[in-house]
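Since the structure comes first, as structure tokens, the remarks are kept for the end.
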Amino acid sequence: MAAAPGGKTTHLAELMNNRGKIIAIDIYDHKIKLIKDNCKRLGINIVDSIKIDDIKFNSSVLFDKILLDVPCSGLGVLANKPELKWKIRPSDIDKLSSLQYNLLKKALTLLKPGGELMYSTCTLTDSENKQVIRKFSDKYSNKVEILSLKTDLQRLGVEHLHPDCNTDYIELFPPKSGTEGFFMAKFRKI
């Protein structure tokens with residue numbers, strides 16, 4: 001969900017050895033074109049790109065896994081986009097956090113029982129990250145459980161890069177992580 005420009009989509013397809021099926025949805029024509037172009041360039045043929053508002057997307061098939069890379073303020077990537085400091089207003093962050101929560105709710109309806117949902121942003125604001133996942137996990141505590149990302153980091157052999165990983169989420173803070181700013185939380189539908 002919110003799949004453009006397709007970097008994460010094509011990476012997942014490569015991890016899947018270009019087998020299976022990925023549905024990549026985004027609301028804008030030009031962004032769907034970016035996904036398709038990236039897939040073509042990399043020889044990926046398991047991605048179906050669909051132009052639709054994520055909130056309006058419905059499927060007769062429930063999904064095993066959903067990567068929800070929500071629209072956000074982008075304040076974690078200021079090193080590459082310094083102009084954001086002057087463009088983003090507090091009211092923008094309020095609107096984004098509301099949209100993010102609604103996208104999480106929608107993703108839950110598309111996920112099969114036992115399926116996993118990864119929530120990610122490229123921002124460091126609590127209102128777009130911790131507050132959104134707390135509100136979601138509190139409201140849907142009977143439908144989702146939050147999963148520790150520590151086990152994923154250990155499985156990938158990179159836990160030493162993120163020793164401060166909280167059990168409910170991981171927040172990559174540029175000075176500590178040596179990366180841009182990112183936030184991730186993982187849920188399983190009960």
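Quick notes
- At most 16 other Cβ within 10 Å, DSSP loop - trypsin sites (Lys or Arg not before Pro), the stretch 95-178: 143
- Placing +1 on the Cβ of every Lys and Arg and -1 on the Cβ of every Asp and Glu, with nothing else charged, gives the stretch 5-148 a dipole about its Cα centre of roughly 140 debye.
- Ranking 25, 82, 72 by how far each Cα lies toward the positive end of the dipole of the chain (charges on Cβ) leaves 25 at the top.
- With neighbour counts taken as other beta-carbon atoms within 10 Å, the residues 10, 123 rank, fewest first, as 10, 123.
- Spatially near lysine pairs across the stretch 58-171, Cα under 15 Å, sequence gap of 8 or more or different chains: 13
- Taking the square roots of 5 times each eigenvalue of the Cα gyration tensor of the stretch 1-57, largest first, gives ellipsoid semi-axes of 18, 12, 8 Å.
- Percentage, to the nearest whole number, of Cα pairs in the chain over 25 Å apart: 36
- Chymotrypsin sites (Phe, Trp or Tyr not before Pro) within the stretch 1-86, DSSP loop, no more than 11 other Cβ atoms inside 10 Å: 28
- Exposure proxy order (Cβ contacts within 10 Å, fewest to most) of 15, 108: 15, 108
- Counting other Cβ atoms within 10 Å as a rough exposure proxy, the listed residues 77, 61, 132 run 61, 77, 132 from fewest neighbours to most.
A short reminder: the numbers here are calculations on the coordinates, not readings from a lab. The model shown is predicted, which means the values in this text are computed figures rather than measured ones. Here the Cβ is made from the backbone with ideal geometry for all residues, glycine too, and neighbour counts use every protein chain on show.
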